[in-house]
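Structure, as structure tokens:
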Amino acid sequence: MDPSCAVAQFDSKVIGEALDARGFWVSSPLVDEATCTRIAQLYDACGASFRSTVVMAKHGFGRGEYKYFARPLPEIVTSLREAMYERLAPVANEWNARWGRQSDWPAYHHALVKRCAAAGQERPTPLLLRYRAGDYNCLHQDLYGDIHFPLQAIVLLDRPNVDFEGGELVLVEQRARRQSKASVVPLTQGALAVIPVKERPFAGAKGVSRCQTRHGVAEVRRGLRRTLGLIFHDAA
């Protein structure tokens, strides 16, 4: 099955419930090994279209590299981004309702792209990340501008404990007046993880509060770890 067709079968309610319970949601593997390899090989492919390459050590972000795709995005990236957004928009709007905000995230991704462009956010944000032995990514948030959709997705393109060791996806949550909580998001090749971009609602004793979140990647001990990052808002 085409990965975007599989994504269309995801239940938004189930995703939202997992985010409430654990702070993240992970699918079963939906991108097959051959497609994962094809996506990963775009990193060094002649003719692949990227708008920017970031060497993390130069900016204090960690160690490793990532590249942002330029438009037009590869078809597989566009289809996954659009299909996943449609599953996540109901979750984002439900979060807004719980926070007392207007539930106005559009149902379709092209409308979000237009909203970002009107606000001066026109640079595409999907990216490929590459980590070798000794590389890691410091805790961070992927905001990119005033408009930031509250959820993002990550597809692991290599096989844990076969192609690489270490490199766990780490999520750290900070609730008001509490110690931080760290979670390791369990990923397999071709699986898709959904995590908050900045914060998620949390039902506390005094009502709904905001749980601040950051994510990063633990040090890769061996091998090569590559991921596809799907951020739904564009960058300023």
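The values are calculated or read from the model by the stated rules, or taken from the named source; none is laboratory data. For clarity, every value in this text was computed on a predicted model and none was experimentally measured. Quick reminder, even Gly has a Cβ in these numbers, built from the backbone with ideal geometry, and neighbours come from all protein chains shown. Remember, those area values only see protein heavy atoms, side chains included, never the ligands or the DNA or RNA. Shrake-Rupley method; radii C 1.70, N 1.55, O 1.52, S 1.80 Å.
A few notes on this one:
- Under the Karplus curve 6.51 cos²θ - 1.76 cosθ + 1.60, θ = phi - 60°, whole-Hz ³J(HN,Hα) for region 132-147, x wherever Gly or Pro sits: 10, 4, x, 8, 6, 10, 5, 4, 7, 10, 9, 9, 6, x, 5, 8
- Net +/- balance of residues flanking I76 in space, Cβ distance below 12 Å, scoring K and R +1, D and E -1: -2
- D_trans [Stokes-Einstein, Kirkwood Rh over alpha-carbon pairs] for region 1-114, 25 °C, 0.890 mPa s, µm² s⁻¹: 148 µm²/s
- For region 149-236, the spread of Cα positions along the three principal axes, ordered from largest to smallest, is 46, 31, 22 Å.
- Shown here are the Rg and Dmax of the Cα trace of region 113-200, at 15.3, 45 Å.
- Summarising the amide proton neighbourhood of R159: residues at separation of 5 or more, or on other chains, whose placed amide H is nearer than 5 Å comprise F164.
- Per-residue ³J(HN,Hα) for region 229-234, Karplus 6.51 cos²θ - 1.76 cosθ + 1.60, θ = phi - 60°, Hz, x for Gly and Pro: x, 10, 9, 8, 8, 8
- The residues of region 1-104 expose, per residue, 51 Å² of accessible area to a 1.4 Å probe.
- Solvent-accessible surface of region 125-230, averaged per residue with a 1.4 angstrom probe and all protein chains in place: 42 square angstrom.
- Taking amide H positions as modeled 1.01 Å from N, with prolines and chain starts lacking one, no residue 5 or more places away or on another chain lies under 5 Å from F10.
- Extension gain, D32 to A176, is 47.8 nm, computed as 0.36 nm per intervening residue step minus the present C-alpha separation.
- Percent carbon-and-sulfur accessible area, region 67-126, ignoring ligands, DNA and RNA, probe 1.4 Å: 51 percent
- Compared with the alpha-carbon gap, the fully stretched path from D44 to A205 is longer by 52.9 nm at 0.36 nm per residue.
- Sequence-distant contacts, meaning Cα pairs under 8 Å at least 6 residues apart, place the relative contact order of region 1-155 at 27 percent.
- Whether region 46-110 is rounded, prolate or oblate, judged on the alpha carbon gyration tensor where a/c under 1.5 counts as rounded: oblate
- Stokes-Einstein translational diffusion, the chain - Kirkwood Rh over all Cα pairs, 0.890 mPa s, 25 °C, in µm²/s: 135 µm²/s
- Across K67/K198; K13/K114; K181/K206, pairs whose alpha-carbon gap is larger than 24 Å: K13/K114
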